[in-house]
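These notes are about the structure you will find just below.
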Amino acid sequence: MPKCVLEKTLMVAVLSATSLLAQTPVVDLTAAPGTVQVAPGVQVQGWFYNGTLPGPTLRVTEGQTLRVRFHNKLPDPSTVHWHGQPVRLGLDGVPGISRPAVAPGQEFLYELDGLVPGTYWFHPHVHGTQVDAGLHGVLIVDPAKSSNDPPFDLEETIVLDDWRNPLGGGFSGHLVNGRSSAGQTPVAVKNGQSLRLRFVNASAVSNYVVALDGHPMTVTHADGNRVRPVVVQAIPIGIGERYDVIVDCNNPGTWSLAVSAIDNRTQTLARAVVKYAGQNQPIPPETFVPTNLSSGTLLSYAQLAAFHAVLPITPTPDRSYVATLGMRGGRNGMQFTINGQAWPNVTPFAVSANDQVELTMTNPPMMMPMYHPMHVHGHFFRLIGTAGGTTAPPIKDTVLVRPGGQVGSSVRVQMLMDNPGSWLFHCHDVDHMTQGMMTRFDYGGDADADGVANAVDMEPTLASPVVTTSDQAAAFTLGATGQIDVQWTPGQPFVLFAGGKELPTPLPLQPFGRLVLDLGSSIYFGGTVVSSQGTASLPYAIPQLPSLVGLRLGLQGIGATPLVGGLRLSTYQILTVR
């Protein structure tokens, strides 16, 4: 189809839809090297979002779109993974599966729709030190109806972390909200108030237990999903897990909110402080071990039940799989495995859309006891064998599989496969994951009917050409040559436009897709025909002109298709000359 015909058809649709435009704010999220203070007089070097540890808390209400412009100012490629949120695959932030990582000096616009209420977090999903170096932040999605949450008077987010000096430095230890025990500002409460605590374990390798001295905690949410209230004195929290609790503040004083290792509750690794108004007791010593922490009743998965209606456990799942978690030594050092295989040399779990899949995660006895916090992307687990029975199983995205021989060393779950694509399933211990404990769930079929199979489609639920750029900084410097890559229906023509302006908010143009690039400021970049493998590329060369440094181009194209309407807008990509 000629370029002029593609442009004319699309412009008619734009003019008919301009009345729909309304500006939606964009949040800037920048990953960059920096220095933060983790204790009085103690600073560490790291990589941080917006210069803070933890990074900013992003907050929206259910039904709102969260637009995040991610700027990568690190020396390495990076992404943002929205941990626990079942976003579409193209926004999941997994290099090589979602799309290439964002190169140093480049940016990417995340458009997050349909976010699920609850407490979540975000972090990179690349191998190496990025999470360990400080790149993590919290995402809170408030329910559209306040009645869907328990009432509370005030809230505090508690982010747990271990600092291992991945980039070098003079401090190592455990942190609460980016500070050591010595650097804590007390959480101020009043007698009679209800305090909501949102616990997030954003550590690299540490599974914790957390407890508040002098107070029980009522668990209300697990991994963002509401559960029937369970009163406990201490909570085990694996890497990547989140728990929300309500504390009835009816015991005036100054109290330790203490954290221990999951396998040694007799030592406080870090602590925050909860202080009642008008109380002058001294802050508890950093090493103080509250009774609630050392010997208080401990939450177990068996106590959990979903609060809201959920899909029940089925006695006849469509597919059943076992994931045996292990380790092995070899020529290349220690590897952690799933079913004897180490990433990337794995056999994915094959699934189909709408399958009910049962998965049994088993941690056999080993000489060295290992905890494995197992996390699935793009989906939730429904836990089997809990207080919810088969009709109200609790819903989570991360489950802590305990060492072999312990209660909890085998965990059985079911998942509804309702988000086509290729999705990671892995241990969230960074050392275990980077040494191989990761595999995939691969969907068969072609959900968006674009001629690209679900298992390789970077946008399997979005019938749009996918435009991507290199993850290497050298591709964007003066004098560089490179290419814009396209994934789309085999044999179809595709044209690409470049411009310096975006629309205030993406413009939906059914059935063509969403327009982001301001066509009034754009120029024709080039055209091509997609290969039989569903790929194409458009080469470019950046002139040796210093005046071009900082030039920022938005890229969006149009692909022909046999689908209704005959045309589809591509995804949006940004290219900046460095």
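The values are calculated or read from the model by the stated rules, or taken from the named source; none is laboratory data. Quick caveat, the model's predicted, so the values are computed rather than measured. Quick reminder, even Gly has a Cβ in these numbers, built from the backbone with ideal geometry, and neighbours come from all protein chains shown.
Can you confirm whether E62 is surrounded by 20 or more Cβ atoms within 10 Å (Cβ to Cβ) and closer than 30 Å to N148 by Cα? So E62 fails the test. Residue pairs whose Cβ atoms lie under 9 Å apart, separated by 6 or more positions or on different chains, with the first residue in the stretch 416-430 and more than 12 Å from F441 (Cα to Cα) and the second part of a helix (DSSP H, G or I) and modelled with pLDDT of 95 or more, are C427/M433.
On inspection, V26 does not qualify as β-branched (V, I, T), in contact with a Phe, Trp or Tyr (Cβ under 6 Å, 6 or more places away or on another chain) and over 30 Å from F381 (Cα atoms). When T254 is tested against (1) within 23 Å of G238 (Cα to Cα); (2) surrounded by fewer than 18 Cβ atoms within 10 Å (Cβ to Cβ); (3) assigned by TED's automatic domain parsing to the domain that holds Q184, only condition (1) is not met.
Within the stretch 490-537, track down each residue that is free of Cβ contacts under 8 Å to residues at least 40 places away in the same chain, in a strand (DSSP E or B) and closer than 11 Å to Q556 by Cβ. Listed by number, the list holds a single entry, S522.
One residue stands out in the stretch 108-152 among those that are surrounded by fewer than 24 Cβ atoms within 10 Å (Cβ to Cβ) and among the aromatic types (F, W, Y): the one that is nearest to I97 (Cα to Cα), namely Y110.
Looking only at the stretch 279-288, decide whether some residue is over 31 Å from the mean Cα position of the chain (by Cα) and closer than 26 Å to C427 by Cβ. Looking through the stretch 279-288, none of the residues is over 31 Å from the mean Cα position of the chain (by Cα) and closer than 26 Å to C427 by Cβ. Looking at the stretch 462-474, can you tell me whether even one residue there is of a type in the set (A, V, I, L, M), in a loop (DSSP other than H, G, I, E, B) and within 23 Å of F497 (Cβ to Cβ)? Yes.
For the stretch 538-575, which positions are in a strand (DSSP E or B), crowded, with 16+ Cβ neighbours inside 10 Å and touching a residue at least 60 places away in the same chain (Cβ under 8 Å)? Selection gives L555, Q556, G557, I558, G559, A560, L567, R568, L569, Q573, I574, L575.
Please go through the stretch 271-287 and pick out each residue that is within 22 Å of A39 (Cβ to Cβ) and either charged (D, E, K, R) or without any contact (Cβ under 8 Å) to a residue 40 or more places away in the chain (or both).
Kept after step one, since they are within 22 Å of A39 (Cβ to Cβ), are these residues of the stretch 271-287: 271-275, 282-287.
Answer for the stretch 271-287, where residues must be within 22 Å of A39 (Cβ to Cβ) and either charged (D, E, K, R) or without any contact (Cβ under 8 Å) to a residue 40 or more places away in the chain (or both): R271, K275, P282, P285, E286, T287.
As a summary of the residue check, E241 satisfies the conditions (1) acidic (D, E); (2) more than 18 Å from Y371 (Cα to Cα); (3) buried (at least 20 other Cβ atoms within 10 Å of the Cβ) except for the one numbered (2). Against the numbered list (1) part of a loop (DSSP other than H, G, I, E, B); (2) under 22 Å from F425 (Cβ atoms); (3) modelled with pLDDT of 95 or more, H127 comes up short only at (3). Across the stretch 257-296, the qualifying residues are those that are closer than 18 Å to P186 by Cβ and of a type in the set (V, I, T), and the one among them that is surrounded by the most Cβ atoms within 10 Å (Cβ to Cβ) is V259. Tell me which residues, restricted to the stretch 313-343, are more than 26 Å from G389 (Cα to Cα), loosely packed, with under 13 Cβ neighbours inside 10 Å and modelled with pLDDT of 95 or more. Passing the criteria: only G340.
Residue-wise test of (1) within 23 Å of D92 (Cα to Cα); (2) among the aliphatic types (A, V, I, L, M).
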position: F336; (1), (2): no, no
position: N339; (1), (2): no, no
position: A350; (1), (2): yes, yes
position: A353; (1), (2): yes, yes
position: T362; (1), (2): no, no
position: P365; (1), (2): no, no
position: D397; (1), (2): yes, no
position: G408; (1), (2): no, no
position: M415; (1), (2): yes, yes
